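Worksheet: the structure to be examined is printed underneath.
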Amino acid sequence: GRGGRTSPDVLTIRTEYPYQTLRLEPEGADKPAFSLWVAYVPEDAAQRTNHVHGLLMIEKPRFGAALDLAWPFIRRFTERVFAEDRMAVEAEQHAWNEQGADWNHEVFPLILDLRAMLRANGVPIRPAAGVCAAASSCAAGAAT
């Protein structure tokens, strides 16, 4: 909870390519304390490189100068987060290029639950030709 509240705030992250939003909403607030909107714009048809454009909105504090004082730290923090994201995405792309497919085995429970929910609701989760969701399924497919 924010400001010493005992109830939790709600952080919502949504990805609807090419957009992503992140909102932090304190319980009982009529507007978010923090909101980020990001758009990913591919440079070409291959979509291996893109430009990222974002809009960051922060609730104005009661003492207006506080935001001016905090802004350099907020900017440095967001730049660091995007640098880490870039490093992770580039590493994933490098692994894909080297291996020619996705050989990762998903272990994150939230993603596994999401996939199960999508399957249960009629959204097939199957790899495209030449793409494997897990090394074990690729090996099993190659043996048949």
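Normalising by the residue count of segment 21-130, find the relative contact order in percent from Cα pairs under 8 Å and 6+ residues apart.
12
Diagonalise the Cα gyration tensor of segment 1-114 and give the resulting equivalent ellipsoid semi-axes, square root of 5 times each eigenvalue, largest first, whole Å.
Three semi-axes, in Å: 32, 19, 13.
Read-outs: derived from the displayed coordinates by stated rules, not from any lab. Quick caveat: nothing in here was measured; it's all calculated off a predicted structure.
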